[in-house]
Amino acid sequence: MPRQNRVTPLGELIETPERGLVYGNRGCLHDDHGIIRRQWQVKRWISCRLEFRGRRRVGGPMPPGRYTGLFFLDDATALAAGHRPCAECRNADYRSFLALTGAAGAEELDRRLHAERGRLHERALKELPDGAFVVLDGEPWLVLGSELLRWTPGGYTERRTRFTDRVDVVTPPTSVQVLASGWSGSVPLVHPHAACPAANWTSSTFPGESTRSATAQSTTSQGPDPSGKRRTSPSRGSRMALGDR
């Protein structure tokens, strides 16, 4: 049975069997029965690699009292939802992202992003960089080149030509600023499915999405626990202190 731990570009948590290419968390959102009880716990919303140093998480994506493992179609989706690169498993991405924002550190960056999350802002569509998301008729669409691609949990299902009007932008202004520099990180910014001919958009499993990514919800441990607790890395038998992640 699907868990309610897939994130849309609008930041919503939904139940769907598809996973995605990016992992992340925003604190412990579930109860002891794996039921989502809140949308966020901490202001530090991060996006992570699906795999990192062979670590595997005991208890799956929703162990009692620990952070809720979340999944995103791609990094553009994570950015639109208000997440930013993890300072541990994506350290180089985090440092370059931080530098482009001008923030002094993680605390300032997270405070800025938290104030921008869930707030649509208007921009001219022609000015938006690739990887930004906009809302058209209540649905999230990805900006990519001369086109807009409609987001769904299983991938991008429609294309339309980019027009010149002003639109409501989903991606926080801070992340739009970073994307405008041409930034991309170590995880896919846009799912490879976006490059497929529309005629081939029939499957819920797309090029680049491995079997491991589809099953990572029960095996992979990524990203720090933003609650500040220490956690065990079973593959190494060691404890890891959490710092400025």
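What follows is calculated from the coordinates using simple rules that are stated; it is not laboratory data. Bear in mind the structure is a predicted one, so any value in this text is a computation, not a measurement. Backbone-built Cβ (ideal geometry, glycine too); neighbour counts: all protein chains shown.
Could you tell me the calculated FRET efficiency between Arg150 and Ile14, based on Cβ-Cβ distance and R0 = 22 angstrom, to the nearest 0.05?
0.90
Packing, as the average of other Cβ atoms within 10 Å across residues, places the peptides 79-88, 151-160 in the order 79-88, 151-160, highest first. Could you tell me how far the Cα centroid of region 80-102 sits from the Cα centroid of region 1-27, in Å? A separation of 20 Å, based on Cα centres.
Shown is the FRET efficiency for Asp165 and Asp32, computed with R0 = 51 Å from the Cβ-Cβ distance and rounded to the nearest 0.05: 0.60.
If we count every other residue with Cβ under 15 angstrom of Leu149's Cβ, Lys/Arg +1 and Asp/Glu -1, where does the sum land?
Working: positive: Arg150, Arg159, Arg160, Arg162; negative: Asp74, Asp75, Asp130, Asp137, Glu139, Glu147, Glu158.
Combined, the nearby Lys, Arg, Asp and Glu give -3.
Each Lys and Arg contributes +1 and each Asp and Glu -1, all at the Cβ; summed about the Cα centre of region 1-146, the dipole is approximately 620 debye.
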